[in-house]
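Accompanying notes for the structure given below.
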Amino acid sequence: MIKYIYQNKGYPHFSWDNTKIINILTHVATLQGKILGKMQQFGFNIQQEAMLNALTEEITKSSEIEGEILNSEQVRSSLARKLNITLTKETTSSHHIDGVVEAMIDATMNFNKPLTESRLFGWHASLFPTGYSGMYKINVGKFRDDDMQVVSNKGGRDIIHYEAPAPKEVLLQIADFLNWLNNDDNENPLLKAAIAHLWFVIIHPFDDGNGRLTRTITEMLLARAENTSLRFYSMSAKIQKEKKDYYHILEQTTTGGLDITQWLEWFFDVLGQSIEESENIIDNVIKKGVFWQKNSITITNKIQQDIINRLFDGFEGNLTSGKVAKIFKISQDTATRLLKDLVDKGIFEIIGSGRSTHYILK
């Protein structure tokens, strides 16, 4: 009795209905071209800022899908150091975060390099620098030698959603996967990214980290599809929002036949939405870049520069003199003076009065 997709005769020769995916595939390719064309109009600094935002979101949200919350400031600072981007405020990052960042940097910056077992092992080791996943010792930098099940618990009862191929089959299946992935054929590169995402999930070759490595491979193939290491959107951010549907479509596909049409439709729909939703973030980066091109000479005070950058980057709540004093460890009078100076220069606008007084960019 066939229970899982890899038990079907003919696996891994997947099939799909081209008539159902051609329109959405064309739409996604158009969106990719549009966002890349838009960013090419702007200078290197704006492109780097947009990429820093996208990669920070990709790394943090990919981990969040698996229930691991990474410090976004540490991720951003680690990325900036490895990409030689200067930040107004840097944060010391943990060895673990540096490792996660290194894997993503290698995948996206070296997208045209072959994906090998050795490279996969390096990425895996970077995710688990201590050799532990939580409290549990795992095989790091090598394929699993135990059975693998995807299990959830409901009402005290374990529910098996998927059982991966036996350990003895992993080497052969990974070899087939890597040969296909590295083959320079005429297959649509976006289609290849979608199939690779599913196929690696099917194999589940490691003790842990399979989901994060799946999405790292996807990022590499998306960069390859666009023929650029510049990343301006995060698919993992959208997957995190649609996590329930993500797990459902994966379970539905991995426990079915070889027709993966529904998975492809879901993947391309989410990818398209990821690109579209990134436009607001990119627009904000562009506004920030244009602002500093215009005002870099006018505003030279480091605290004022930091205050403005925080507003562009998404300051939580209203900007008040009290918050500025607390953040920068300065007196309330000094904070008020710095903010009013920005009002006098036409940069800020005062909203409200008394205790409700706060400042916004004009």
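The values are calculated or read from the model by the stated rules, or taken from the named source; none is laboratory data. Keep in mind it's a predicted model, so treat the numbers as computed, not measured. Don't worry about glycine lacking a Cβ; one is built from the backbone with ideal geometry, like all the others, and counts go over all protein chains shown.
Taking the range 276-295 only, how many residues are modelled with pLDDT of 85 or more and either buried (at least 21 other Cβ atoms within 10 Å of the Cβ) or not in a helix (DSSP H, G or I) (or both)?
Looking only at that region, the number is 1.
Return a yes/no flag: does the range 257-265 have any residue that is outside any helix (DSSP H, G or I), surrounded by 15 or more Cβ atoms within 10 Å (Cβ to Cβ), among the β-branched types (V, I, T) and at pLDDT 90 or above.
Checking the range 257-265: at least one residue is outside any helix (DSSP H, G or I), surrounded by 15 or more Cβ atoms within 10 Å (Cβ to Cβ), among the β-branched types (V, I, T) and at pLDDT 90 or above.
Hey, could you check the range 219-258 for residues that are β-branched (V, I, T) and touching a strand residue (DSSP E or B) at 6+ places or on another chain (Cβ under 8 Å) and say which is nearest to A196 (Cα to Cα)?
T254
Take the range 343-362 and flag every residue that is in a loop (DSSP other than H, G, I, E, B), exposed (fewer than 14 other Cβ atoms within 10 Å of the Cβ) and of a type in the set (S, T, N, Q).
S353
I need a count of the residues in the range 173-209 that are in contact (Cβ under 8 Å) with a residue 60 or more places away in the chain, assigned to a helix (DSSP H, G or I) and in contact with a strand residue (DSSP E or B) (Cβ under 9 Å, 6 or more places away or on another chain).
Number of matching residues: 1.
Name the residue that is nearest to N227 (Cα to Cα), counting only residues in the range 100-114 that are touching a Phe, Trp or Tyr at 6+ places or on another chain (Cβ under 8 Å) and crowded, with 19+ Cβ neighbours inside 10 Å.
The residue in question is A107.
Please list, ordered by first then second residue, the pairs with beta carbon atoms under 8 Å, 6 or more apart or interchain, first in the range 314-340 and under 15 Å from S356 (Cα atoms), second in a loop (DSSP other than H, G, I, E, B).
What qualifies is T320/T357; S321/T357; K323/G317; V324/I330.
Would you pick out the residues in the range 323-342 that are in a helix (DSSP H, G or I) and either exposed (fewer than 14 other Cβ atoms within 10 Å of the Cβ) or in contact with a Pro (Cβ under 6 Å, 6 or more places away or on another chain) (or both)?
Of everything in the range 323-342, those that are in a helix (DSSP H, G or I) and either exposed (fewer than 14 other Cβ atoms within 10 Å of the Cβ) or in contact with a Pro (Cβ under 6 Å, 6 or more places away or on another chain) (or both) turn out to be K326, Q332, D333, R337.
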